[in-house]
Amino acid sequence: MGDELIAAISDQAIGLNDPGIGDAARRRAPVQVPDLSEGTPSPAQKIVLDAGYRGVLVVPLLRPNKIVGALVVRRRNPGEFDQQIVHLMETFAAQSVLAIQNAKLFREIEEKGRELEAASRHKSQFLANMSHELRTPLNSVLGFTELLVDGIYGELPDKAKATVARVQANGRHLLGLINDVLDLSKIEAGQLTLALEDYSVGQIVRSTVTAVEPLARSKGLSLAVTVAENLPLGRGDERRLTQVLLNLAGNAVKFTERGAIDILADAVDGHFEIIVRDTGPGIAPTDQALIFDEFQQVDNSSTRQKGGTGLGLAISKRIVEMHGGTIGVESVPGSGSTFRMKIPIRAGEDVKAA
Ligand code: ADP
């Protein structure tokens, strides 16, 4: 058909009472009009007749409870179409219905995918805002408890002192959780940006050791640090990288009951390699891939002994990847775990150089 004919037919509204297509739709079966010039053609049929067609075969496109459309075959000679052709067209119509339905479903899935993406973005935004709002009053609670503990408002009775100390400990724990949720939602919302600056790996290791040493000592764990000499200055987000190492070392101390924690730092092939090794319970192979996902803990039971949110490693992985690095674990259950992170010494500079 030429464009003009298509346009003329497209303009016609076809109802169930129309001869031809209307008949086929009503009967849910193929309908033939052997000669359009006999009888009274509908306005649409008139257009087709004027264009030089005489014989028409209409095969409805059927779904169990719906008519999707119709397949119309015309020819310039009058007369019935062969039964074989009618069968062929029926098969073709059945296939077309499936194809049309698939295309529709596919479009719907795409649409749903877009909606889900938007919902997830809103969720991250909401979490980011909420955690931000929660931090302010919590910091004030922590500030005042600290003043109470320090005796600024006078010496507290021993019982009260112990209680306030617990308020303080729980408040700090809550702040840690809120900070984790804030970080994660910022990462998901694409709002976490790195503050790139020159840093010293030695300094990152030292800050980490200072933070975890008291707990390691109180658990009787030895803490050995080996930082290669003459390491070059790195470029990256020092605060975030310290957060990652602190998470790895904190986990090592938290999960290890006896033995040693080793922290090693070196430079290999343009990368810093930082290793945290422990003699803790180890991690089963099936769990090794999972622990870097959000909210994944090897022991998810409510009676779980070690605290934590299961967010630390997920955040660490994202931070390391934002630096263009990798993080992974090797472990044999019962023989400890070795976490290894590799980050380009000068993160973010290869892009400019390219
Ligand atoms: P969290 O420590 O807050 O639970 P993480 O994301 O840091 O969350 O760790 C996820 C899980 O991985 C932990 O709950 C623990 O089951 C496992 N894990 C991490 N580090 C170690 C380790 N050094 N030894 C044994 N298990 C570990």
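The values are calculated or read from the model by the stated rules, or taken from the named source; none is laboratory data. This structure is a prediction, so every number in the text was calculated from the model and none was measured. Quick reminder, even Gly has a Cβ in these numbers, built from the backbone with ideal geometry, and neighbours come from all protein chains shown.
Quick look at the numbers
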{"read-out": "Residue that is surrounded by the most Cβ atoms within 10 Å (Cβ to Cβ) [pool: residues in the stretch 293-308 that are more than 6 Å from the ligand (Cβ to nearest atom) and either modelled with pLDDT of 75 or more or among the β-branched types (Val, Ile, Thr) (or both)]", "value": "294"}
{"read-out": "Any hit, the stretch 261-279, residues being among the small types (Gly, Ala, Ser), closer than 24 Å to residue 310 by Cβ and at pLDDT 95 or above", "value": "no"}
{"read-out": "Residue under evaluation residue 258, criteria (1) within 12 Å of the ligand (Cβ to nearest atom); (2) basic (Lys, Arg); (3) out of contact with any helix residue (DSSP H, G or I) (no Cβ under 9 Å at 6 or more places or on another chain), criterion not met", "value": "(1)"}
{"read-out": "Cβ pairs under 7 Å, 6+ apart, first in the stretch 251-273 and more than 27 Å from residue 324 (Cβ to Cβ) and small (Gly, Ala, Ser), second within 16 Å of the ligand (Cβ to nearest atom) and in a strand (DSSP E or B)", "value": "260/222; 260/224"}
{"read-out": "Single residue of 184, 147 found to be modelled with pLDDT under 90 and not basic (Lys, Arg)", "value": "184"}
{"read-out": "Single residue of 311, 246, 290, 264 found to be touching a strand residue (DSSP E or B) at 6+ places or on another chain (Cβ under 6 Å) and surrounded by 13 or more Cβ atoms within 10 Å (Cβ to Cβ)", "value": "264"}
{"read-out": "Test result for residue 317, without any contact (Cβ under 8 Å) to a residue 40 or more places away in the chain and more than 7 Å from the ligand (Cβ to nearest atom)", "value": "yes"}
{"read-out": "Qualifying helices (runs of 4 or more DSSP H) (wholly inside the stretch 1-93; at least 3 residues being of a type in the set (Gly, Ala, Ser) and free of Cβ contacts under 8 Å to residues at least 60 places away in the same chain)", "value": "3-10, 21-27"}
{"read-out": "Failed item, numbered, when residue 216 is tested on (1) assigned to a helix (DSSP H, G or I); (2) within 11 Å of the ligand (Cβ to nearest atom)", "value": "(2)"}
{"read-out": "Single condition residue 285 does not satisfy, out of (1) closer than 26 Å to residue 175 by Cβ; (2) modelled with pLDDT under 95; (3) more than 10 Å from the ligand (Cβ to nearest atom)", "value": "(1)"}
{"read-out": "Residue 184 being touching an Asp or Glu at 6+ places or on another chain (Cβ under 8 Å), surrounded by 15 or more Cβ atoms within 10 Å (Cβ to Cβ), of a type outside the set (S, T, N, Q) and assigned to a helix (DSSP H, G or I)", "value": "yes"}
{"read-out": "Count of the stretch 321-340 residues which are within 13 Å of the ligand (Cβ to nearest atom) and either modelled with pLDDT under 95 or crowded, with 17+ Cβ neighbours inside 10 Å (or both)", "value": "11"}
